[in-house]
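Notes to accompany the following structure.
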């Protein structure tokens, strides 16, 4: 997937849209990946790449995940990405 890489501080300039997750198993895999990213972020401050859908196309950020819920991912600095807009998580 061709995604434009941006710093996490610019995420607020984009409007999130729903990503195309066609199967339930993809959504379950995504949640598992986000939980793993959260553990890595909280224990050793490891960064992951998150690719998400916006009204301007796919965007990617490399960041530390601080929290993952059923509806969103919280990043450092109070930035949140809705779970429904996330295409993939890359370690």
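Things worth noting here:
- A Förster radius of 35 Å, combined with the Cβ-Cβ distance separating residue 10 from residue 91, puts the computed FRET efficiency at roughly 0.95.
- Shape class of the chain from the Cα gyration tensor (axes a ≥ b ≥ c, square roots of the eigenvalues): oblate, since a/c reaches 1.5 or more and a/b does not exceed b/c.
- Relative contact order %, the chain, counting alpha carbon pairs below 8 Å whose residues are six or more apart: 35 percent
- Computed E for residue 46/residue 84 - FRET, C-beta separation, R0 25 angstrom, nearest 0.05: 0.55
- Net lengthening on full extension, residue 17/residue 67 (0.36 nm per residue, minus Cα-Cα): 15.9 nm
- Sites residue 56 and residue 35, calculated FRET efficiency, Cβ-Cβ separation with R0 30 Å, nearest 0.05: 0.60
Values in this text are rule-based calculations from the coordinates and carry no lab data. Remember, predicted model here, so these are calculated numbers, not experimental data. Here Cβ is always computed from backbone atoms with ideal geometry, including for glycine, and neighbour counts include all displayed protein chains.
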